[in-house]
Amino acid sequence: MKAWLPIFLAGTLSAAGATVEVAAPDSVRLADVTVTAIKQTSLNSDAGAATVLHRDQVERNDAVSVKAATAMMPGVFQPDYGSRMTSTLYVRGIGTRIDQPAVGLNVDNVPVVCKESYDTDLPDIALVEMLRGPQSTLYGRNTLGGVMNIYTLSPLNWQGTRAVVRAASHGTYRIGASHYTRLGDRVAASATAYCGGTAGEFRNQCNGQRTDWERLATARVKLEWQPDATLLLSNVLATGHTRQGGYPYEQVNTDVIAYNDTCFYRRTTVSDGLTLTKHWERVSLSSITSYQYIDDNMTLDQDFTAQPYFTLTQARREHAVTQDVVVRGRSEQLQGSWLAGAFGYYRHTRMDAPVTFKDTGIAQLIERHVNDALPAYPVVWDTREFVLGSHFTLPTAGAALYAQASRSWRRLTVTAGLRLDYEYARLRYRSTTHTGYDIMQAATATVYRHEPIDIDDSGTLTKHFVQLLPRLTATLHLGGSTHVADLYATVARGSKAGGFNTQMFSDVLQQRLMRLMGIGGTYDVADVVGYRPEKAWNLEVGTHLEVWQRRLAIDASFYWMDCRDRQLTVFPPGLTTGRMMTNAGRTRHCGLELALQVHPADGTTVHASYGYTHATFRQYNDGKTDYAGCHVPYAPLHTLWAEAAHTITLSRTGCLRALTLAANVSGAGCVYWNEANTLAQPFYALMGASVTIEGRHCDLQLWGRNLTGTTYRTFYFVSIGHEFLQRGHGRTLGATLRLHL
């Protein structure tokens, strides 16, 4: 067998990790889910916790986005946060709402650089892999919690035309079509177009309009060339556009969404990834090159009340390039394999983030504080609206060298790896405001003096980060011809990049303005804007089991993680407008993850997974409160997924081929909303079901989500002293028609 075959077959091996797909004795793995895995081969024999979702499970649960797929993974949680920009992945209690991600995402082997591009729809998904725990040795920056790999259909392995039409509650629809064809014996191409929208579920009581409406469109062109059995080139060009209202935030204890200013999010993305893989007898070389562009605009009623306090706009344009080179080989004499690589990237971001103070904001946040301090000389602002302007340029770059080697002794395999990672970040900023106020004489109600305010500050901040990221694993293989029993242990170090709090500049400027008026303090820019990398050691033991003639697969893992310089999103003290990232001391994470898949009878499959995460602060004192022992907020203690599906064969040659009945339940909680753990979302469970009629060239699926209409909350935050929650989606019914020609 040629050396290149194991890599091409990696995506078709039965099961991997936590939700290993176990094939029935008479089943055949279809070629249309074959993928090219660059940095791993068979996950079911690797030392680590992982989940794999194949195309049938993805389509049965309509999981066309990262957010939908995470519901089926133990210990993984991606809630609905306001808009597609702000949704965040949490794995084992690791995650963050702003700035750098804690979980990596690769689509067709290309790393997605910008976290704001994570929440997107991806039609024609062939395979989803979720590797939990630090993956920094091989995948680098921002994979402290893990990494998700998504692969789309290959035109070399599947040809034909696919189309989908989906309609659901609240005016939701999706329409898509794709065509896969061979252009010759060695060349194939595919083109995919997809669009959709929703009228929205939640209503703003201030204007009577729906808040969470959305319109989206995506397109993808994939070209693959395999001139011979040892060389493969693949290029994927993709673009997408999203515009949505979002932000259905209601004040705590009111259950009412009511804010007066416009909120929306708009995003346009373009990416191109070129992957080249060359194989020799014992060595292979892979190169992954990408260019990524994002142009987005988030505009918010920042106070989310019916009063005109202030608004925020964050408009950004970013260009990024990445290059990863991987060399891997195998030594038969040493019964081992090795891998070495080099990675580099460059990002260049320009951002404008003005905060506009309006009448109530001026009166309550500025004038009232000044006048309370100096009642004899009250102030009156020149206008009832002014702008705190912020402009940023953020060039960042990084480079890394990494290597990993494995050696086997009979039933024992030991793997050791090390990565040297360097990152450079620079922030050039300019903060401006041009306004003024009158100082009055309270006794005579006349103008005493006029004070203009002209602030134009600029500067440059620079940071350098160097990380050593080792990994050591041991796997004991105890399986036989009819079963698999692997025991593994892993020690790994992961990191999440440091950076700058751009959202704090409006507060820095506001405090300086107040200082010019003789009240308040000032922020030290370097202290409040910069934050350090987050680092963690992860210890893990687990097992991969396949028994009952491999009809039953069980995966279990137990982990302990010590996290230092934990990055935490906090709200500055007082009546301020922003939020900031801070290094919140030290947290400790321990838990277990369990998954099983069983084929009790022909045509019947049961999937189940459960994750328990105990993540607490070991050291964190914000100067007012010591939070040691409290649970880390926003990450659920429990995650649950269970699904049963049964397929009834109707005919092998007729128009109606099969009928599939499926039911599922997903759950999460308790989710603490603040560091003090005084407010929380209790555990909740959502019921779903579907009926699928499979035909020769089309499938019709009737489905429902949250069938019991469970009420739950997905997000919490504070703005100028007001607490807000976001309600989860209610009962949703829909139908999906898929064509395959």
With A102, A63, A50, A68 as the choices, which residue is small (G, A, S) and under 28 Å from S337 (Cβ atoms)? A50
T660 passes all but one of the listed conditions (1) under 30 Å from the mean Cα position of the chain (by Cα); (2) closer than 29 Å to G611 by Cα; (3) in a strand (DSSP E or B); the exception is number (1)
When region 629-644 is examined, which residues are found to be among the hydrophobic types (A, V, I, L, M, F, W, C) and in contact with a Ser or Thr (Cβ under 7 Å, 6 or more places away or on another chain)? C630, V632, A635, L637, L640, W641
Those residues of region 97-107 which are surrounded by fewer than 23 Cβ atoms within 10 Å (Cβ to Cβ) and farther than 15 Å from K39 by Cα amount to R97, I98, D99, Q100
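Table: residues versus (1) surrounded by 19 or more Cβ atoms within 10 Å (Cβ to Cβ); (2) at pLDDT 90 or above; (3) closer than 28 Å to G459 by Cβ; (4) not aromatic (F, W, Y).
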| site | (1), (2), (3), (4) |
| --- | --- |
| D359 | no, yes, no, yes |
| L365 | yes, no, yes, yes |
| D372 | no, no, no, yes |
| E385 | no, yes, yes, yes |
| G389 | yes, yes, yes, yes |
| T396 | yes, yes, yes, yes |
Going through (1) in contact with a strand residue (DSSP E or B) (Cβ under 9 Å, 6 or more places away or on another chain); (2) in a loop (DSSP other than H, G, I, E, B) one by one, S87 fails only at (1)
Go through the residues of region 674-683 one by one and say whether even a single one is in a loop (DSSP other than H, G, I, E, B), in contact with a Leu (Cβ under 7 Å, 6 or more places away or on another chain), among the small types (G, A, S) and touching a residue at least 40 places away in the same chain (Cβ under 8 Å). no
Is region 639-656 home to any residue that is modelled with pLDDT of 95 or more, assigned to a strand (DSSP E or B) and acidic (D, E)? yes
Selection status of M148, under 14 Å from the mean Cα position of the chain (by Cα), buried (at least 24 other Cβ atoms within 10 Å of the Cβ) and part of a loop (DSSP other than H, G, I, E, B): no
Of the conditions (1) modelled with pLDDT of 90 or more; (2) in contact with a Leu (Cβ under 6 Å, 6 or more places away or on another chain), the single one that H464 does not satisfy is (2)
Just to be sure I understand, how many residues within region 524-549 are surrounded by fewer than 21 Cβ atoms within 10 Å (Cβ to Cβ) and either modelled with pLDDT under 85 or assigned to a loop (DSSP other than H, G, I, E, B) (or both)? 9
Kindly indicate whether A320 is surrounded by fewer than 18 Cβ atoms within 10 Å (Cβ to Cβ) and either in contact with an Asp or Glu (Cβ under 9 Å, 6 or more places away or on another chain) or at pLDDT 95 or above (or both). no
In region 493-518, which residues are outside any loop (DSSP other than H, G, I, E, B), more than 16 Å from Q314 (Cα to Cα) and out of contact with any Leu (no Cβ under 7 Å at 6 or more places or on another chain)? G499, V508, Q511, R512, L513, M514, R515, L516
Got at least one residue in region 670-689 being surrounded by 17 or more Cβ atoms within 10 Å (Cβ to Cβ), β-branched (V, I, T), over 20 Å from V606 (Cα atoms) and modelled with pLDDT of 95 or more? yes
Would region 618-627 turn up any residue that is at negative phi, assigned to a strand (DSSP E or B) and surrounded by 19 or more Cβ atoms within 10 Å (Cβ to Cβ)? no
Which residue pairs have Cβ atoms under 6 Å apart, sit 6 or more places apart or on different chains, and have a first residue in region 487-502 that is within 30 Å of G459 (Cα to Cα) and a second that is small (G, A, S) and surrounded by 24 or more Cβ atoms within 10 Å (Cβ to Cβ)? S495/S136; K496/A102
Tell me whether region 330-348 contains one or more residues that are surrounded by fewer than 15 Cβ atoms within 10 Å (Cβ to Cβ), modelled with pLDDT of 95 or more and within 30 Å of R512 (Cβ to Cβ). yes
Here's a check for you: in region 299-349, which residue that is under 19 Å from F724 (Cβ atoms) and assigned to a strand (DSSP E or B) is farthest from the chain's Cα centre (by Cα)? F310
Tabulated pairs, region 646-664, first hydrophobic (A, V, I, L, M, F, W, C), second surrounded by fewer than 16 Cβ atoms within 10 Å (Cβ to Cβ) and in a loop (DSSP other than H, G, I, E, B), C-beta under 8 angstrom, 6+ apart or interchain: I648/G603; C655/R696; L656/L650; A658/L650; L659/L650
Which residue pairs have Cβ atoms closer than 8 Å, lie 6 or more positions apart in sequence or on different chains, and pair a first residue in region 386-399 that is at positive phi with a second residue that is surrounded by fewer than 21 Cβ atoms within 10 Å (Cβ to Cβ)? none
Residue among G654, G669 that alone is at positive phi and either charged (D, E, K, R) or out of contact with any Ser or Thr (no Cβ under 7 Å at 6 or more places or on another chain) (or both): G669
Selection within region 196-220 - in a strand (DSSP E or B) and either under 30 Å from G273 (Cβ atoms) or touching a His at 6+ places or on another chain (Cβ under 7 Å) (or both): G196, G197, T198, E214, R215, L216, A217, T218, A219, R220
Do the conditions hold for R174, that is, is it within 30 Å of G75 (Cα to Cα), part of a loop (DSSP other than H, G, I, E, B) and among the basic types (K, R)? no
Output the residues belonging to region 639-655 that are touching a Phe, Trp or Tyr at 6+ places or on another chain (Cβ under 9 Å) and surrounded by fewer than 18 Cβ atoms within 10 Å (Cβ to Cβ). A642
Selection count where residues are in contact (Cβ under 8 Å) with a residue 60 or more places away in the chain and under 22 Å from G171 (Cα atoms), scope region 229-249: 7
Here the residues within region 663-692 that are among the polar types (S, T, N, Q), within 22 Å of the chain's Cα centre (by Cα) and closer than 18 Å to G734 by Cβ are S666
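For every residue, the table says whether it meets (1) crowded, with 24+ Cβ neighbours inside 10 Å; (2) among the polar types (S, T, N, Q); (3) farther than 29 Å from E201 by Cα.
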| position | (1), (2), (3) |
| --- | --- |
| N109 | no, yes, yes |
| P123 | no, no, no |
| L127 | no, no, yes |
| M130 | yes, no, yes |
| G133 | yes, no, yes |
| R141 | yes, no, yes |
| T152 | no, yes, yes |
| G160 | no, no, yes |
| H170 | no, no, no |
Going residue by residue through region 698-712, is there one that turns out to be over 24 Å from I257 (Cα atoms), charged (D, E, K, R) and either under 28 Å from the mean Cα position of the chain (by Cα) or in a strand (DSSP E or B) (or both)? yes
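The values are calculated or read from the model by the stated rules, or taken from the named source; none is laboratory data. It should be emphasised that the depicted structure is a prediction, and the values quoted were computed from it without experimental measurement. All Cβ positions, glycine included, derive from the backbone under ideal geometry; neighbour counts span all protein chains shown.
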